[in-house]
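Right, one structure below, let's go through it.
Nothing in this text is a laboratory measurement; each read-out follows from the coordinates by a stated rule. Owing to the predicted nature of the structure, the values given are computational and were not obtained by experimental measurement. FYI the Cβ positions are ideal-geometry reconstructions off the backbone, even for glycines, and counts take in every protein chain you see.
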Amino acid sequence: MHRLARELAELRGTTVAASSPQGRFAPEAALVDGEVVDDVDAHGKHLFLLTGAGAVHVHLGMRGFWLRYPAPVTAPMRQVRLRLANADVAWDLVAPSLCELLDDGGVRRVVERLGPDPLRPDADVARVLAAWAADRRPIGTVLLDQAVLAGVGNVFRNEALHEVGVHPARPATELDAAERDRLWAVLVSMMSRAVDDGRIITVEAPDRLALPEAESRRVYKQERCRDCGAPVEVGQVGGRTAYHCPVEQPA
Ligand SMILES: [Zn+2]
């Protein structure tokens with residue numbers, strides 16, 4: 001989402017035409033239409049487009065995506081929830097799990113429900129480390145809890161736990177301070193790098209960006225660990241599929 005916010009920032013400072021070809025966001029789009037986009041911000045998996053009419057709050061969920069069309073722009077597809085366009089470009093939002101218009105109080109309430117975001121410079125590290133130290137749930141479950149930490153999805157939690165050599169089912173309380181510190185540091189660097197790359201690549205290779213998607217991770221959806229070659233073990237942790245290397249991440 002931070003990568004997307006960076007790209008959508010090209011709308012910043014420009015007046016946008018807003019519409020909802022699909023209709024579900026039509027009343028709100030009418031309010032945003034003709035307003036200036038003041039800023040584009042992300043907190044975890046939540047995106048905020050700040051306009052004179054309020055903040056357009058978007059969560060993509062599992063199926064949502066944005067499409068970008070440089071001018072000259074063609075007519076949007078019928079299923080587009082929101083089109084934002086200026087003279088140079090149109091951005092179309094399709095199938096988000098959430099798209100709503102919020103005032104300042106509404107934005108504050110959304111952010112208050114979220115834990116610190118490792119990609120934000122103002123992230124409260126101490127709060128996250130203390131929460132991990134006190135949580136008896138598996139660390140693989142805790143990492144997905146957006147109220148503890150915002151922005152970590154299933155790829156990051158599996159790859160980060162592999163990087164620090166921690167089994168996803170270990171209770172968070174059992175990690176020692178050095179492991180917790182390292183887990184935070186790994187999440188920050190892994191997620192920052194993904195923003196720059198535009199995708200999640202955790203494998204080191206001379207030409208990393210050319211790696212096919214299926215070969216870009218060390219354990220996530222891998223048959224064998226790309227570090228040591230051990231068969232990756234698959235289980236359910238926190239309601240999502242967890243992948244770990246039995247050699248480097250012992251129970
Ligand atoms: Zn391994």
Helix 125-134 axis, angle to the chain major axis (alpha carbon atoms, nearest 10°) = 50
What number comes out for the charge environment of G151, summing +1 per Lys or Arg and -1 per Asp or Glu over other residues with Cβ under 10 Å away?
-> +1
Most packed first (mean Cβ within 10 Å per residue), the peptides 17-24, 54-61 order as 54-61, 17-24
Summed residue charge, Cβ within 12 Å of I201's Cβ, Lys/Arg positive, Asp/Glu negative | -1
Where trypsin sites (Lys or Arg not before Pro) fall in DSSP loop in the range 117-220, at most 15 other Cβ within 10 Å = R136, R199
How large is log10 I(q)/I(0) at q = 0.19, 0.20, 0.25 Å⁻¹ when the Debye formula is applied to the Cα atoms of the range 52-121, each weighted equally and without solvent?
-> -0.91, -0.96, -1.13
Using a cut-off of 9 Å between beta-carbons, work out the net charge of the residues near P96 (Lys and Arg +1, Asp and Glu -1, P96 not included).
-> +2
Ratio Rg/Rh [Cα only; Rh per Kirkwood] for the range 65-211 | 1.06
Please arrange V188, V16, V237, V89 by counting, for each residue, the other beta carbons lying within 10 Å of its beta carbon, fewest first.
-> V188, V89, V16, V237
Any cysteine of the chain lacking a neighbouring Cys Cβ under 4.7 Å - listed by number | C99, C228
Report Rg(Cα)/(2.2 N^0.38 Å) for the range 141-234, keeping two decimals.
-> 1.08
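Between Rg and the Kirkwood Rh of the chain, both from Cα atoms, what is the Rg to Rh ratio?
Rg/Rh for the chain comes to 1.02.
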Quarter of the surface of the C-alpha convex hull for the range 1-145, i.e. direction-averaged projected area in nm², equals 9.2
